[in-house]
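Only one structure is covered here, and it is reproduced in the block below.
The values are calculated or read from the model by the stated rules, or taken from the named source; none is laboratory data. Remember, predicted model here, so these are calculated numbers, not experimental data. Cβ placement follows ideal geometry from the backbone for every residue including glycine, while neighbour counts extend to all protein chains displayed. Note: areas computed on protein heavy atoms with side chains; ligands, DNA, RNA excluded. Shrake-Rupley method; radii C 1.70, N 1.55, O 1.52, S 1.80 Å.
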Amino acid sequence: MGKSKRGRFAIFRAKDARCDAETTIMEYEPISAVVAEGSRRAQAEGVDTGHDLRVLFLAPGFSLVYVWFKSGFPLPLHTHNVDCLYYIVGGSLTIGHKELGVGDGFFVGSGVPYTYTPGPAGVEVLEFRAANQFNIKVMAEDPAFWDKAVATVRGHRPAWLQEARPARVMPDKAS
């Protein structure tokens, strides 16, 4: 993972990117009992096989994160405490009633709730933030969302295990 002090030059390489679990870049806000139980159930079904989040670059006041959500991943409604610019490098997604593909992007301001659905080949996104740490607050308070999310994970997990990155801009994790 690339690191830089403000005003200095740095090179980063995809092969050196660190998984979210290996960093402290994203902090989870306290969650309700509904979100906690829904998340627990989704985890038990293997939701983590449906995404890959890696930190490409960190500098004071700046971060670049790569995320791959596999086809149909049930991304819950959520917010972050900093602005974010999203740029699609592979696959597609639907946000609201708009379908976006390679070369498209969107901006989400701090505190604005959003979600999107990865397309049939999944979606690879670069996330640019003017912060080297941020939070996520999951707002999916409807138990019906979690029932559907768990069923989606159960139905998609076998395919997710074989799914290839649409753009292949990031090397696969070492086994």
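Can you divide the C-alpha Rg of the stretch 106-175 by 2.2 N^0.38 Å and report the result to two decimal places?
Values: Rg = 15.2 Å, N = 70, 2.2 N^0.38 = 11.1 Å.
In units of the 2.2 N^0.38 Å rule of thumb, it is 1.37.
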Self-check item: Candidates P74, P118, P60: whichever shows maximal mean-square fluctuation once the chain is modelled as a Gaussian network with Cα springs under 10 Å
Solution: P60
Quiz item: Got a sec? Which residues in the stretch 50-66 would a label at L161 touch, if it sits 7 Å along Cα→Cβ and we count backbone N under 19 Å?
Solution: 50-52
Quiz prompt | Extended-chain gain in nm, criterion 0.36 nm per residue less alpha-carbon gap, V169 and A59 | solution = 37.4 nm
Quiz prompt | Efficiency of FRET from Cβ geometry, R8 and K148, R₀ 35 Å, rounded to 0.05 | solution = 0.15
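For the stretch 46-108, what % of the accessible area comes from carbon and sulfur atoms, probe 1.4 Å?
Values: 1450 of 2340 Å².
With neighbouring chains kept in place, the figure for the stretch 46-108 is 62 percent.
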Quiz prompt | Semi-axis lengths, Å, the stretch 1-111, gyration tensor of Cα atoms, sqrt of 5 times eigenvalues | solution = 25, 19, 15
Quiz item: With every protein chain in place, what's the accessible area of R18 (1.4 Å probe, Å², nearest 10)?
Solution: 80 Å²
Quiz item: Rounded to the nearest 0.05, what FRET efficiency do R41 and L126 have when you use their Cβ-Cβ distance and R0 = 25 Å?
Solution: 0.25
Quiz item: In nm, to one decimal, how far is the S110 label point from the E27 one, both placed 7 Å along Cα→Cβ?
Solution: 1.4 nm
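Suppose a student asked you for the relative contact order of the stretch 25-148, using Cα pairs under 8 Å spaced at least 6 residues apart; what percent would you report?
Working: 276 pairs, mean separation 45.6, N = 124.
This gives 37 percent for the stretch 25-148.
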Quiz prompt | Distance histogram for the stretch 25-171 (every C-alpha pair counted, 10 angstrom bins, percent rounded to whole numbers) | solution = 11, 41, 40, 8, 0
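Could you sort I88, I136 by their accessible area in this structure, using a 1.4 Å probe and putting the largest first?
Details: I88 0, I136 25 Å².
The residues order as I136, I88, largest area first.
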